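What follows is one structure encoded as structure tokens, with my remarks underneath.
The values are calculated or read from the model by the stated rules, or taken from the named source; none is laboratory data. Given the structure is predicted, the values throughout are model-derived calculations rather than measurements. Every residue, glycine among them, receives a Cβ derived from its backbone with ideal geometry; neighbour counts consider all protein chains shown. Just the protein is used for accessible areas: all its heavy atoms, side chains included, with ligands, DNA and RNA removed. Shrake-Rupley method; radii C 1.70, N 1.55, O 1.52, S 1.80 Å.
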Amino acid sequence: MTLLLVVIISWLLAYFRAGLRLWTATAFVVLWCIAPLGGGIGSLLVWVLAVPLAFILNFPTTRRAILSSPLLKLFKKMLPPLSDTEREALESGTVGWDGELFSGSPDWKKLLSLPVPQLTPTEQAFLDGQVEELCRMLDDWQIVELDRDLPPEVWQYLKQQGFFGMIIPTGYGGLGFSVLAHSQVIMKIASRSVTGAVTVMVPNSLGPAELLLHYGTQAQKDHYLPLLARGQEIPCFALTGPEAGSDAAAIHDRGVVCRGIFEGQEIVGIRLNWEKRYITLGPVATLLGLAFKLSDPEHLLGDRTEPGITLALIPVTTPGISIGTRHVPLDIPFQNGPNWGRDVFIPLEWIIGGPERAGQGWRMLMECLGVGRSISLPALSTGAGKLACRASGAYARIRRQFKLPIGHLEGIEEPLARMAGLTYQMEAARVMTCAAVDRGEKPSVVSAIVKYSLTEGMRRVVNDAMDVQGGSAISLGPRNLLGRLYQAIPIGITVEGANILTRSMIIFGQGAVRCHPYVLREIRAVADSDQAAGLIEFDRAFFGHCGFTISTAARALWLGLTGGRLLEVPDGPCKRLLQITSRLSTAFVLAADMSMIIIGSGLKRREKLSGRLADILSNLYLVSAAIKQFEDHGRPDDELPLLEWACANSFRAIQLAFEGIFANFPNRPAALLLRLLTFPLGMPAFAPSDRLGHQVAAILLSPSVVRDRLTAGIYTPTDINEPLGRLDDALAKVIAAEAVEKKMRDAVKGKRIAAGSDEQLLQEAVLSGVITAGESEIVAISQDARQEVIRVDDFPADYWRTGGDHE
């Protein structure tokens, strides 16, 4: 009984994260109460051990001398020294909701109280006006199959209307749009043309304009930003090279500070040699942003011999630059190609930010990449998902097999539900992340989560759409909406951090350090050159971390036993989802802490384990975003199935990740302990039910407010000569005819009329009085619309031999 009482008291202290002094006081009270129960010598021995231990722990100076100092020395031996690029990557950006998830106790009121993201009237007008007109101008079949480029009039329109200057403030001639508006523009264009979307998104993402805005000198801003805003300069940014892809810090391109001749005068400048590839807009660029490693062997710039990675802006007309040839990225013809520089000499003033920014390029890139990959690829992916949902949902209601709309077959319902649920979640993550950036955050970890999760979501949704539409999806031509999206999938998966790397190394690898409340503080303390200050900070961080881990273990066990049902969270339809998410957040933090404590620095190379932890963190973020979106929309009942499906699907992914961790954790006793603490009653059954999947799939099969809300923001032409316009038109006509067709089927079953061809059946049904002539016309119109939808393109036999030059 005494032992049980001690356990309960200890658990309460840990659960409520009591401070060290409260622990100590409580321990002395308990010892005083139970002392009479033990023998005299035993009690004396306990007090002899307890009093000195309490003294050591509660007096920081003593604790640091006896415990923290040896531990700090041990940590310095265990932790490999961080390179400058590693340190800058870890410290770049800001922490937002990802930090709440790493706390194990996310503050839902804080998230749900954030204002609903909205466009300004000017931004909405641009979407309804200029973006709508651009989409009308884009003929993707002509662009991809015939011209292999945007037509000249589109290039001119993009420049004239400021599409390349969306992020540039109005004071420099740009549009000064919010991140949300930028994302909305890319999403809408992507639903029309991937080539058009990529062309617009690159100048507004990681590139010269973004870097100039944050780091450029005033003279650089004044000169270049107006030119970029008007499209008089076309920018590209050259980072990737033959030996530096995902490991961008390994660039071999070199710049040496030296004296040279520039425009007839001898100056101190930089002599550059480089080789870059996969550079979007490179073949048409007039202004080249370049990343290179800078050396200063003569110390002409300062004391450092190797300042490090540096960024510069260089006009492509500078002598020594070779640029203009093109790559072919899976036949999606946005401008992309290599470039080279041989003995290119530039002034120091061409360094972005001026000479004082020499060597600061990696931090600049990390912070801007964190912002850029939060916006463009997630927007493109979401636009693709919305288009696939609208098109394939309509197709599944229009197309018939076995005398049924294929969307009514359970085998088709399953991918349709997945498409709708994932697209709902993608839109939620896109908007929530854009809102964070608009608030001034630079979400390095969250940007990796949304880049990975949404491009993977696009892969799954478009693959499912291809399966649903079958032959009509694989037959390329002007009628095909999905084929080019399918071709483009690997491009988004690969660029801005390949997804394999992002999942296995960045999301958790950076998140564990950046978002954890203590780990980054411990690392900084270990690396602090001021030993006294480092010891003080290490002492605070280390013992804070110990208390945090003990508390997390206590919380995880309690939440595992109760399923989180007693957690206090905001009331409403999402209450249970919030409780489950909080419970899984606590389990995740404990798994992360145990992994770091037991595996230590070796976790860096345990990429499978790191990838599973990344899956948990990513899905916790996706669930949070979906709940936030549902609340922001006003908790509409018709949207609840989408929310529940998205959350259940993520909970299932989290469950599978935990099972993989438990099965493969290198320390087997620790794996068993972790399982017992986080899921003491076994794994709950997480997965969307078939009934829920049926409800979600049905949303895509009929015009409705919730279907329109799910697919809002894409280009939706009403012209029936357009593939999507044709589908929407036919969907309405097919649904209008279904009641009449049911009358005819019932008449056939009742043998009032005989079965026959569509035309014969209609004639006999009218003659027999089963339907009216007007109803017959409704059915005939729907049949014509259906036939028009299921038609596919075909070409002359010599089409490819003649280069596709056919009217």
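Among the residues of segment 494-523, those identified as open to solvent by 20 Å² or more (accessible area, probe 1.4 Å), touching a Lys or Arg at 6+ places or on another chain (Cβ under 9 Å) and assigned to a helix (DSSP H, G or I) are Met505, Gly509, Arg521, Ile523. Of the set (1) in contact (Cβ under 8 Å) with a residue 60 or more places away in the chain; (2) open to solvent by 10 Å² or more (accessible area, probe 1.4 Å); (3) closer than 27 Å to Arg439 by Cα, all apply to His182 but (2). Count of segment 461-495 residues, restricted to those that are in contact with a Leu (Cβ under 6 Å, 6 or more places away or on another chain) and among the acidic types (Asp, Glu), is 0.
For the condition open to solvent by 60 Å² or more (accessible area, probe 1.4 Å), of a type outside the set (Phe, Trp, Tyr) and part of a helix (DSSP H, G or I), what is the one hit in Asp719, Asp728, Asp708?
On the way: Asp719 fails: part of a helix (DSSP H, G or I); Asp728 fails: open to solvent by 60 Å² or more (accessible area, probe 1.4 Å).
From the options Asp719, Asp728, Asp708, the qualifying one is Asp708.
Residues that are out of contact with any Gly (no Cβ under 8 Å at 6 or more places or on another chain), more than 19 Å from Pro169 (Cα to Cα) and not hydroxyl-bearing (Ser, Thr, Tyr) within segment 185-237 comprise Arg192, Val194, Gly196, Val198, listed in sequence order.
Scanning segment 410-423 for residues that are open to solvent by 10 Å² or more (accessible area, probe 1.4 Å) and under 25 Å from Leu613 (Cα atoms) returns Arg418, Leu422. Here is the figure for segment 524-565: residues that are open to solvent by 20 Å² or more (accessible area, probe 1.4 Å), over 24 Å from Gly511 (Cα atoms) and not in a helix (DSSP H, G or I) total 3.
Inside segment 648-694, residues that are touching a residue at least 60 places away in the same chain (Cβ under 8 Å) and touching an Asp or Glu at 6+ places or on another chain (Cβ under 9 Å) make up a count of 6. Given the criteria within 30 Å of Ala554 (Cα to Cα), open to solvent by 50 Å² or more (accessible area, probe 1.4 Å) and either without any contact (Cβ under 8 Å) to a residue 12 or more places away in the chain or part of a helix (DSSP H, G or I) (or both), does Lys109 qualify? Criteria met by Lys109. One residue stands out in segment 122-145 among those that are of a type in the set (Val, Ile, Thr) and out of contact with any Ser or Thr (no Cβ under 8 Å at 6 or more places or on another chain): the one that is farthest from Thr716 (Cα to Cα), namely Thr122. The number of residues in segment 469-493 that are surrounded by fewer than 17 Cβ atoms within 10 Å (Cβ to Cβ) and not hydrophobic (A, V, I, L, M, F, W, C) comes to 6.
Of all residues in segment 778-807, those that are within 17 Å of Asp728 (Cα to Cα) have Cβ atoms under 8 Å from Cβ atoms of residues that are at pLDDT 95 or above and among the aromatic types (Phe, Trp, Tyr), 6 or more apart or on another chain, in Val789/Tyr395. Considering each residue of segment 241-254 in turn, at least one proves to be surrounded by fewer than 17 Cβ atoms within 10 Å (Cβ to Cβ), assigned to a strand (DSSP E or B) and at pLDDT 95 or above. Every residue in segment 755-780 that is modelled with pLDDT under 90 and part of a loop (DSSP other than H, G, I, E, B), please. Residues satisfying the conditions are Ala755, Gly756, Ser757. Can you say whether Ala663 is crowded, with 18+ Cβ neighbours inside 10 Å and among the aliphatic types (A, V, I, L, M), as far as the supplied structure shows? It is false that Ala663 is crowded, with 18+ Cβ neighbours inside 10 Å and among the aliphatic types (A, V, I, L, M). Identify, by number, the condition in (1) under 30 Å from Arg484 (Cβ atoms); (2) buried (at least 19 other Cβ atoms within 10 Å of the Cβ) that Ile735 doesn't meet. Result: Ile735 passes all but (2).
When Leu227, Leu272 are screened for being farther than 16 Å from Leu369 by Cα, open to solvent by 20 Å² or more (accessible area, probe 1.4 Å) and modelled with pLDDT of 95 or more, only Leu227 passes. Are any residues in segment 566-581 surrounded by 18 or more Cβ atoms within 10 Å (Cβ to Cβ) and in a helix (DSSP H, G or I), and if so, which ones? Correct list: Leu577, Leu578, Gln579, Ile580, Thr581. Condition test on Leu67, is it modelled with pLDDT of 65 or more and more than 30 Å from Val519 (Cβ to Cβ)? It is false that Leu67 is modelled with pLDDT of 65 or more and more than 30 Å from Val519 (Cβ to Cβ). Among residues of segment 210-237 that are over 14 Å from Gly176 (Cα atoms), those with a beta-carbon under 8 Å from a residue that is open to solvent by less than 50 Å² (accessible area, probe 1.4 Å) and of a type in the set (Lys, Arg) at least six positions away or on a different chain give the pairs Leu212/Lys221. Could you please find all residues in segment 667-682 being surrounded by 13 or more Cβ atoms within 10 Å (Cβ to Cβ) and touching a helix residue (DSSP H, G or I) at 6+ places or on another chain (Cβ under 7 Å)? Passing the criteria: Asn667, Ala670, Ala671, Leu674, Arg675, Leu677, Thr678, Phe679, Pro680.
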